[in-house]
Amino acid sequence: MKSPLLSLPGAVPAEGVDEGVAAHYGDLFREQRALADGTGFVDLSHRGVVTVTGEDRLSWLHLLLTQHVSELPAGQATEALILSANGHIEHALYLVDDGETVWAHVEPGTREALVAYLESMKFFYRVEVADRTADTAVLHLPAGSITPVPEGVAVRETPYGRDLFLPREELEAYAAQAGPPAGLLAYEALRVEQHRPRLGFETDHRTIPHELGWIGSAVHLQKGCYRGQETVARVQNLGKPPRRLVFLHLDGSEVHLPPQGTELRVADEGAEGRRVGFITTSVRHHELGPVALALVKRNVPVDARLLAGDTAAAQETVVEP
């Protein structure tokens, strides 16, 4: 869904899964600094919006999600996953309950499959599932923002900022008084700095939550049964996820960032060494320079210097081996 904010001065459209909103507005680092300082906003109106209403909404979702939501207080933001029977990540939901409705935003291109799954699991529960993407747009205000939120709008308040579920017809008017716009590249640079995984970027068809550090923030270990829980419990008890998320400082002399999927090898073994992982997201940060998130095999030494293609990369541990 193409955002009307692409008509703002300097807007350059994003590509791929983020198509429909701006990648940047002409000055990537200025946009990053503005977000880091708590000013401006990010247009996330390409993300899917799904709601669940009805008196059983929280107890029902509690049976399906990895997060403990049966007693979720109104206004408290959380995130949750839906796993396959084998414990692999299928969906990531960023949600809040406003006292009457659970609002969730999800990755572009995933909402139809999510809604279909939720509909198939309704049974006798008093719930209604709706795809609200056509009439609701997500807009992000950074942490520290003093921009007022319109009355009646659902808000996810997190340490990283506020996600607003705005009526899509009000997006342009609200953006006009929300400060300078920042594009997806600025938002992604801060996400990588904060070591926050993203579905479809840090995940593939066999990713389990432990590999990305989603235990705790999106997976509650003390709740009842849900699909894939056996894998979560087994890996938690054994302490041996096959891969782990790392943060990489990339050689700043390289002109091009290594793209998603670039193979990682141990530097001491040279370019022909064994493959130990791959880049998931690479960005240019306004202070840190070129950095990335990556998945590596669990047994890769935490101090091993790596090569991303021909680019040298130094690790910082995100998920302990």
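Coordinate-derived values only; no laboratory data. Everything numeric here is computed off the predicted structure, so don't read it as measured data. Glycine gets a Cβ as well: all are built from the backbone with ideal geometry, and neighbour counts include every protein chain shown.
Along each of the three principal axes of the Cα atoms of region 128-202, give the extent in whole Å, ordering the values from largest to smallest.
Between the extreme Cα coordinates on each principal axis of region 128-202 lie 33, 32, 20 Å.
Given the Cα-Cα distance of ASP204 and ALA176 and 0.36 nm per residue of separation, how much length would full extension add, in nm? Could the numbers behind the result be given before it?
Details: separation 28, 0.36 × 28 = 10.08 nm, distance 3.77 nm.
Computed gain between ASP204 and ALA176 is 6.3 nm.
If you wrap a convex hull around the C-alpha atoms of region 1-150 and split its volume per residue, what is the figure in Å³?
Working: hull volume 20.2 nm³, N = 150.
About 135 Å³ per residue, rounded to a whole number.
Can you list the trypsin sites (Lys or Arg not before Pro) in region 108-147 that are in a DSSP coil and have 16 or fewer other beta carbons within 10 angstrom?
Of the trypsin sites (Lys or Arg not before Pro), the ones in loops of region 108-147 whose Cβ has at most 16 other Cβ atoms within 10 Å are LYS122, ARG126.
Give me the one-decimal nm value for the distance between modelled label points at LYS297 and ASP251, 7 Å along each residue's Cα-to-Cβ direction.
2.3
Do you know the relative contact order of the chain, to the nearest whole percent, from alpha carbon pairs under 8 angstrom that are 6+ apart?
Numbers: 719 pairs, mean separation 59.1, N = 321.
So the answer I get is 18 percent.
I need the fraction of alpha carbon pairs in region 173-321 separated by more than 21 Å, rounded to a whole percent. Walk me through the numbers before you get to the answer.
Numbers: 5288 of 11026 pairs.
When all Cα pairs of region 173-321 are counted, 48 percent exceed 21 Å.
Explain nothing, just the number: relative contact order of region 196-287, from Cα pairs under 8 Å at least 6 residues apart, as a whole percent.
Details: 68 pairs, mean separation 23.4, N = 92.
This gives 25 percent for region 196-287.
Using a basic spin-label model with each label point 7 Å from the Cα along Cα→Cβ, how many nm lie between SER59 and ARG234?
Taking the simple label geometry, SER59 and ARG234 are separated by 3.2 nm.
Taking the Cα-to-Cβ direction at SER70 and at MET1 and moving 7 Å from each Cα, how far apart do the two end points lie in nm?
3.4
Compute the orientation-averaged projected area for region 48-131 from the convex hull of its Cα atoms and round it to one decimal in nm².
Hull-based average projected area comes out at 4.9 nm².
Can you give the FRET efficiency to the nearest 0.05 for ALA85 and ARG274, using r as the Cβ-Cβ distance and R₀ = 30 Å?
Details: r = 32 Å, r/R0 = 1.05.
That pair, ALA85 with ARG274, gives E of 0.40.
Suppose every K and R has +1 on its Cβ and every D and E has -1 on its Cβ; what is the size of the dipole of the chain about the Cα centre, in Debye to the nearest 20?
Working: 29 positive and 44 negative charges, 187 e Å.
It comes to approximately 900 debye.
Counting other Cβ atoms within 10 Å, which chymotrypsin sites (Phe, Trp or Tyr not before Pro) in region 141-187 have at most 10 and lie in a DSSP loop?
Qualifying residues, ordered by number: none.
Just to be sure I follow: if Rg is taken over the C-alpha atoms of region 242-316 and Rh is the Kirkwood radius over the same atoms, what is Rg/Rh? Could you put the intermediate results ahead of the total?
Working: Rg = 11.1 Å, Rh = 11.9 Å.
Result: Rg/Rh = 0.93.
GNM on the chain, C-alpha springs below 10 Å: top fluctuator among GLY152, GLY252, GLY109?
Checking each option, the largest mean-square fluctuation is seen for GLY152.
Less than 14 Å Cβ to Cβ from LEU8, Lys/Arg counted +1 and Asp/Glu -1: what total charge do the surrounding residues give?
Numbers: positive: LYS2; negative: ASP27, GLU31, ASP43, GLU172.
It works out to a net charge of -3.
Summing Lys, Arg as +1 and Asp, Glu as -1, what charge do residues with Cβ under 11 Å from the Cβ of LEU65 carry, LEU65 excluded? Before the final figure, lay out each step's value.
Numbers: positive: LYS223, ARG227; negative: GLU79.
Net charge in that neighbourhood comes out at +1.
From the phi of every residue in region 178-184, what ³J(HN,Hα) in whole Hz does the Karplus formula 6.51 cos²θ - 1.76 cosθ + 1.60 yield, where θ is phi - 60° and glycine or proline is x?
Residue by residue, region 178-184 yields 9, x, x, x, 10, x, 4 Hz.
Projecting each Cα onto the charge dipole of region 242-316 (Lys/Arg +1, Asp/Glu -1 at the beta carbon, about the Cα centre), which of LEU257, LEU288, PHE247 comes out farthest on the positive side?
The residue sitting most towards the positive pole is PHE247.
Whole-Hz ³J(HN,Hα) for each residue in region 91-107, computed from phi via Karplus 6.51 cos²θ - 1.76 cosθ + 1.60 with θ = phi - 60°, x for glycine and proline: what do you get?
Calculated HN-Hα couplings, in order: 9, 10, 10, 10, 10, 8, 9, 9, x, 10, 9, 8, 9, 9, 10, 9, 4 Hz.
Could you give the distance between the Cα centres of region 97-118 and region 264-321, to the whole Å?
34
May I ask what percent, to the nearest 5, of DSSP beta bridges between residues of the chain are antiparallel?
Details: 65 of 68 bridges.
So the antiparallel bridges amount to about 95 percent of the total.
Restricting to DSSP loop positions (anything but H, G, I, E, B) with no more than 12 other Cβ atoms inside 10 Å of their own Cβ, which trypsin sites (Lys or Arg not before Pro) remain in region 268-321? Please list the in-between numbers first.
Values: sites: ARG274, ARG275, ARG284, LYS297, ARG298, ARG305; in loops: ARG274, ARG298, ARG305.
Sites meeting the loop and neighbour criteria: ARG274, ARG305.
Hey, what's the Cα Rg ratio for region 103-235 versus the globular rule of thumb, 2.2 N^0.38 Å? Provide the component values of the computation, followed by the final result.
On the way: Rg = 17.3 Å, N = 133, 2.2 N^0.38 = 14.1 Å.
Taking the Cα Rg and dividing by 2.2 N^0.38 Å, one obtains 1.23.
In terms of the ratio Rg/(2.2 N^0.38 Å) built on C-alpha atoms, what value belongs to the chain?
1.01
Under a point-charge model restricted to the Cβ atoms of Lys and Arg (+1) and Asp and Glu (-1), what is the dipole moment magnitude of region 104-189 relative to its Cα centre, in debye to the nearest 20?
The dipole magnitude comes to about 220 debye.
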